[in-house]
Amino acid sequence: MIILKLGGSIITCKGEVQPTLNQENLDRISQEIRNSQVKELLIIHGAGSYGHPPAHHYQIGSPLKDEKDLEQKREGFCVTHQLVQELNLAVCRALITAGIPAAPLSPSSFIHTHNKRITDFKTDLITEYLDLGLVPVLYGDVVLDRDLKIRMAVLSGDQILQYLAGKLKAERVILGTDVDGIYNRNPKTHPNAQLIPLVTPEDELNFLEGAHTVDVTGGMGGKVKELLRLAEKEVESQIINLNTEGLLERALMGDKVPGTWIKKTK
Ligand code: ADP
């Protein structure tokens, strides 16, 4: 089974304050998935400009202050959820149009967190979808949090990926984003940044601490933390650039493509 994460930076225009779809990327990526003829696939997508601005605006996941704050966060929960659901609909529509049996699953309806980490997640449902030959499509969402000071949290697609890939022992895990992989500095602001082809749990990665950008779930830094947790569970993953045409298709078919591998070497 392959788990594919479509980064919010790829399927939306992430710098935008308004929710903006990248339909061109979505259509091309759907076609590449179809062309690869991959058998068992699960897709998770990020929230990009649909989820991060409202989640940030309403400070979803920060400790509750008082009744007024709860009231505002309730509104924020609904607004954010509705927007990421709209994005999910667009993603599934593109996939189905390309001939992929994409079946949406809303994380907020069956995943709980405690202090922002997944606690309850009934994965039998996912296994049954996969057994039927469906392609489950999950996404970064707002969820209920069991910590009484939090109660509502933002759950990143990267955390869902880490949890699911570990639990279902995915054969391969591919994360598509808008840069070639992990660099020693942000490649968007440092043209001389060097790509790091392999990252292991032993590596010092202090330079990722500030890699948050507009992302409420930790940006590249948050992503790498999740992937290192996954590597500790003996599941390796690779980050590739989905703005490069044809790369996903090749990666899905098992070709060696440029990017960063995150795995244990000892
Ligand atoms: P996605 O939305 O695709 O999941 P993120 O926006 O969370 O991706 O992370 C990708 C972004 O992280 C890139 O666009 C890049 O500008 C930024 N970034 C910051 N530091 C680094 C780094 N050291 N290596 C790679 N990317 C970095």
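Note on the range 145-156: among residues that are hydrophobic (A, V, I, L, M, F, W, C) and part of a loop (DSSP other than H, G, I, E, B), the one that is nearest to residue 83 (Cα to Cα) is 150.
Scanning the range 6-27 for residues that are more than 13 Å from the ligand (Cβ to nearest atom) and part of a helix (DSSP H, G or I) yields a total of 4. Residues of the range 43-83 that are in a helix (DSSP H, G or I), of a type in the set (Gly, Ala, Ser) and within 18 Å of the chain's Cα centre (by Cα): 48, 49, 51, 55. Applying a threshold of 8 Å to beta carbon distances and a minimum spacing of six or more residues, or different chains, the list of pairs starting in the range 43-60 at a residue that is within 10 Å of residue 73 (Cα to Cα) and ending at one that is within 13 Å of the ligand (Cβ to nearest atom) and at pLDDT below 95 reads 55/216; 60/216. Listed by position, the strands (runs of 3 or more DSSP E) inside the range 100-144 whose residues that are out of contact with any Pro (no Cβ under 9 Å at 6 or more places or on another chain) and open to solvent by 20 Å² or more (accessible area, probe 1.4 Å) number at least 1 are 111-114, 117-121. Does at least one position in the range 69-90 carry a residue that is more than 16 Å from the ligand (Cβ to nearest atom) and at positive phi? No, the range 69-90 contains no residue that is more than 16 Å from the ligand (Cβ to nearest atom) and at positive phi.
Whether a residue is touching a residue at least 24 places away in the same chain (Cβ under 8 Å), within 13 Å of residue 140 (Cβ to Cβ) and either in contact with a Lys or Arg (Cβ under 7 Å, 6 or more places away or on another chain) or not in a loop (DSSP other than H, G, I, E, B) (or both) was assessed, and residue 3 does not pass this test. Return a yes/no flag: does the range 226-248 have any residue that is of a type in the set (Asp, Glu) and open to solvent by less than 20 Å² (accessible area, probe 1.4 Å). Yes, there is a match, as at least one residue in the range 226-248 is of a type in the set (Asp, Glu) and open to solvent by less than 20 Å² (accessible area, probe 1.4 Å). Just one of (1) open to solvent by less than 10 Å² (accessible area, probe 1.4 Å); (2) among the hydrophobic types (A, V, I, L, M, F, W, C); (3) outside any helix (DSSP H, G or I) fails for residue 95. It is (3). Taken together, 245, 249, 234 contain a single residue that is more than 10 Å from the ligand (Cβ to nearest atom) and part of a helix (DSSP H, G or I), which is 249.
Output the residues belonging to the range 159-218 that are under 16 Å from the mean Cα position of the chain (by Cα), within 12 Å of the ligand (Cβ to nearest atom), hydroxyl-bearing (Ser, Thr, Tyr) and open to solvent by 30 Å² or more (accessible area, probe 1.4 Å). 213, 217 - these are the residues of the range 159-218 that are under 16 Å from the mean Cα position of the chain (by Cα), within 12 Å of the ligand (Cβ to nearest atom), hydroxyl-bearing (Ser, Thr, Tyr) and open to solvent by 30 Å² or more (accessible area, probe 1.4 Å).
Which numbered condition trips up residue 262, out of (1) within 16 Å of the ligand (Cβ to nearest atom); (2) open to solvent by 50 Å² or more (accessible area, probe 1.4 Å); (3) within 27 Å of residue 114 (Cα to Cα)? Going through (1) within 16 Å of the ligand (Cβ to nearest atom); (2) open to solvent by 50 Å² or more (accessible area, probe 1.4 Å); (3) within 27 Å of residue 114 (Cα to Cα) one by one, residue 262 breaks only (2).
The values are calculated or read from the model by the stated rules, or taken from the named source; none is laboratory data. Keep in mind the model is a prediction, meaning the values are calculated, not measured. Here the Cβ is made from the backbone with ideal geometry for all residues, glycine too, and neighbour counts use every protein chain on show. Calculation scope for accessible area: heavy atoms of the full protein, side chains included, ligands and nucleic acids excluded. Shrake-Rupley method; radii C 1.70, N 1.55, O 1.52, S 1.80 Å.
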